[in-house]
Amino acid sequence: MSELLTAAQMRTAENTATDAGQVTGLELMERAGRGVVEAVFEEWPTLAASRHKAVVLCGPGNNGGDGFVVARLLKEWGWEVEVFLYGDAAKLSPDARVNYERWLCLGTITSNESLEGGYLSANFDLVIDAVFGTGLSRPLTEDAWLFCKEMYKAGIDVAIDVPSGFCSDSGRFLGESRSDFEGPLSVALTVTFERLRQGHALLPLAGVLRACAVKSIGIDQYLPDFRRETSVSYLSGQARIGASRKAVLNSTAQSSSHKYSHGHTLVLSGGAGRTGAARLSGRAALRIGAGLVTLGVPGSAQMEVASQVTGIMLKRVDSKEDLSGILEDERINVLCLGPGLGIERAGGLVPVAVAAGRACVLDADALSAYEGRPEALFDLVTETCILTPHGGEFARLFPDLAAKLNAPSLDGPAYSKVDATREAAARAGCVVLYKGADTVIASPDGRCSVNSALGERAAPWLATAGSGDVLAGFIAGLLARGFSPMSAAETGAWLHVECALSFGPGLIAEDLAEELPKVFKRLCS
Ligand SMILES: NC(=O)C1=CN([C@@H]2O[C@H](COP(=O)(O)OP(=O)(O)OC[C@H]3O[C@@H](n4cnc5c(N)ncnc54)[C@H](OP(=O)(O)O)[C@@H]3O)[C@@H](O)[C@H]2O)[C@@H](O)CC1
Ligand SMILES: Nc1ncnc2c1ncn2[C@@H]1O[C@H](COP(=O)(O)OP(=O)(O)O)[C@@H](O)[C@H]1O
Ligand SMILES: [K+]
């Protein structure tokens, strides 16, 4: 697990380091430029071995300053380099100005008039975007867009910090979408410093980046104290679930304890013909380590479910009273409600389930049942609950937050999925896991993680019917094993993607839980 930074956190770290007299801004810029060149040669080793042609598009701030450093270093490496400048050279930031002048000792600035007519794609091996970075505070002006558009059309090979126009906190393109540019946006390599920015993990930006490199510029010790609650964790491909979590997973394989000490999950099912979703959740809970799983099924569906399950037990739950009766068994420590439950049945059963005071995963219909009256749900839930909405369900429960997220972003930093999920968790008073290829998990105390299924962890085949039901079951099973709500949501979401990656394309929801043993074996070896 690593941390994601906001632009403000990075700026503070930079200022603290320079104020402490540890380093100058100019030196940081030099290190940043050097880091970019190193990352390029690491990504494409053949480029280091011979002469190539690069173009660096620089902007008016320090991102442009980094660009001038890169241009100089590549030129000194023996490459042919051209530089374009957006904006007035007289108004460059002071450090950028120094590097602009250093560049002028080696080369020139090409007139922006040359940019048109496919000049970039026709003439260069490497197109480097150093126009705007983390300082972008408003949508690109028309002339800034005309400058950047040529770069996007050619295809950006290297973006310094962030591709220009995107907000590095939210991952959103600032302003209205650009109807005059239809090409697919894609950036081969993005090089950033010390840690990834929050926006690198969030859509749409995360979907544009093919590879990211993080280079040190020597200010790690000035980064925020990540034990504080304001940081955002990144559950990435490199993430290794913590030792305690691993120990719990390990114990599923070598248990000498009784099954009841591994918890008992009750999954409530819908009626006949709608039981598949709950069966998926139940099996997932069992596979991930719940000692026992019971499906609570209406009488009309008992035969259907009985013919489909083996390791899972069955109890008849037609009414609230039936559910209350079953919950007298205190060994049931977790409930999972929503998948295939039906809106009406959910409306009746959710209050009883939550009032029982056990850990509780509320998904799908258990959330949609509260459309138009979300406060009723928030009044019920406690911090032992987890809400797992997808985008549609999120908008039903938090229409104002969804509207903010969908409105055009006219200022930077723009309102992000991290902001929305944090607000949602604070409002609901429990952990909220907002699904997607960039799943965001937040707890009411402000802790937050992004679980990525993008970039190196892209698993688009996870968007298949029923995969969310499996996720709900994974989380419920981990809760049964004693994970805290935040940990269960993080670990469940992370393992969900690991299973999808391990299985590969062709995956259907049924395959996910069956892939777990392989994933566990790899983790525990
Ligand atoms: N922090 C660190 O630790 C380190 C940071 N480093 C580097 O610095 C970068 C951040 O630099 P930065 O803050 O100077 O901002 P940057 O992205 O260059 O843009 C600001 C310029 O753009 C302008 N501008 C803004 N919006 C605009 C618009 N819509 N249309 C047109 N213009 C617009 C804005 O103008 P203004 O708003 O002032 O009028 C200003 O001139 C960071 O990404 C990294 O590469 C490294 O050197 C190493 C250490
Ligand atoms: N493009 C994608 N790449 C990876 N994972 C995705 C993508 N789209 C959705 N997911 C994941 O797939 C699951 C879908 O859940 P959900 O929308 O509830 O579907 P269902 O109701 O069919 O189970 C979620 O875990 C979500 O994070
Ligand atoms: K950039």
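The numbers here are math on the coordinates, done by the rules we state, and not lab data. Just so we're clear, the structure is a prediction, and the values are computed from it rather than from any experiment. All Cβ positions, glycine included, derive from the backbone under ideal geometry; neighbour counts span all protein chains shown.
Between LEU26 and GLU42, residue separation times 0.36 nm minus the direct Cα-Cα distance comes to 3.3 nm. A cut-off of 5 Å between modelled amide H atoms, ignoring neighbours fewer than 5 places along the same chain, links ARG197 with LEU5.
A straight chain from CYS105 to LYS91 at 0.36 nm per residue would run longer than the Cα-Cα distance by 3.1 nm.
Comparing SER502, PHE132, LEU209 along the charge dipole axis of the chain, the residue lying farthest to the positive side is SER502, per the Cβ-charge model.
Return the Rg/Rh ratio of the chain with Cα-based radii and a Kirkwood Rh. Reported Rg/Rh (Cα atoms, Kirkwood Rh): 1.05.
Candidate cross-link partners of LYS404 among the aspartates and glutamates, defined by an alpha-carbon separation under 20 Å and a same-chain spacing of 8 or more, comprise ASP169, GLU176, GLU371, GLU375, GLU393, ASP419, GLU423, ASP438.
Put simply, when 495-505, 38-48 are sorted by average Cβ atoms within 10 angstrom per residue, most first, you get 495-505, 38-48. Residues whose amide H lies under 5 Å from that of TYR234, counting only those 5 or more places away or on a different chain, are SER2, GLU3, LEU4, VAL450; hydrogens are built 1.01 Å from N in the peptide plane. Full extension of the chain segment joining ASP220 with GLU375 gains 51.5 nm, where the gain is 0.36 nm per residue of separation less the Cα-Cα distance.
Oblate is the label for the stretch 301-368, because the ratio a/c of its alpha-carbon gyration tensor axes (a ≥ b ≥ c) is 1.5 or higher and a/b is not greater than b/c.
Considering helices alone, the calculated mean residue ellipticity of the chain at 222 nm is -12500 deg cm²/dmol, with DSSP H runs of length four and up weighted by -39500 (n - 2.57) and normalised per residue. Restricting the GluC sites (Glu not before Pro) of the stretch 66-138 to loop positions (DSSP other than H, G, I, E, B) with no more than 13 neighbouring Cβ atoms within 10 Å leaves GLU116. For the chain, the relative contact order comes to 14 percent (Cα pairs under 8 Å, sequence separation of at least 6). Each residue of the stretch 150-166 is assigned a 3J(HN,Hα), and the resulting list reads 4, 5, 5, 5, 6, x, 7, 7, 9, 9, 8, 6, 7, x, 4, x, 8 Hz, derived from the Karplus form 6.51 cos²θ - 1.76 cosθ + 1.60 (θ = phi - 60°), x at Gly and Pro. Which shape class applies to the stretch 41-100: rounded if a/c is under 1.5, otherwise prolate when a/b exceeds b/c and oblate if not, where a ≥ b ≥ c are the square roots of the Cα gyration tensor eigenvalues? In terms of gyration-tensor shape, prolate. Cut-off 15 Å, label point 7 angstrom out along Cα-to-Cβ of ALA355: give me the residues of the stretch 309-343 whose amide nitrogen falls inside. Inside the label zone: 319-328.
Per-residue 3J(HN,Hα) values for the stretch 495-502, derived from phi via the Karplus relation 6.51 cos²θ - 1.76 cosθ + 1.60 with θ = phi - 60°, read 5, 4, 6, 4, 5, 5, 5, 5 Hz in sequence order (x marks Gly and Pro). Arranged from fewest to most other beta-carbon atoms within 10 Å of their beta carbon, SER216, SER170 become SER216, SER170.
For the stretch 2-228, the percent of C-alpha pairs falling in each 10 Å distance bin, counted from 0 to the bin holding the largest distance, reads 8, 36, 38, 16, 2, 0. In terms of distances greater than 24 angstrom between alpha carbons, the cross-link table entries LYS259/LYS521; LYS149/LYS215; LYS259/LYS518; LYS53/LYS149 yield LYS149/LYS215.
Using the average count of surrounding beta-carbon atoms within 10 Å as a protection proxy, the listed peptides 426-439, 201-214 rank, highest first, as 426-439, 201-214.
In terms of the mean number of neighbouring beta-carbon atoms within 10 Å, the peptides 280-288, 315-323 order highest first as 280-288, 315-323. Each Lys or Arg adds one and each Asp or Glu takes one away; over the other residues whose Cβ falls under 9 Å from the Cβ of LEU292, this sums to +2. FRET efficiency for the pair PHE181 and LYS521, taken as 1/(1 + (r/R0)^6) with r the Cβ-Cβ distance and R0 = 35 Å, rounds to 0.15.
Contact order, relative form, for the stretch 2-228: 23 percent (alpha carbon pairs under 8 Å, 6 or more residues apart, mean separation divided by residue count). For the stretch 160-188 versus the stretch 89-134, the inter-centroid distance based on Cα atoms is 19 Å. Would you mind checking the tilt of helix 243-253 against the longest principal axis of the Cα atoms of the chain, expressed as 0 to 90 degrees and rounded to 10? It is inclined by approximately 40 degrees.
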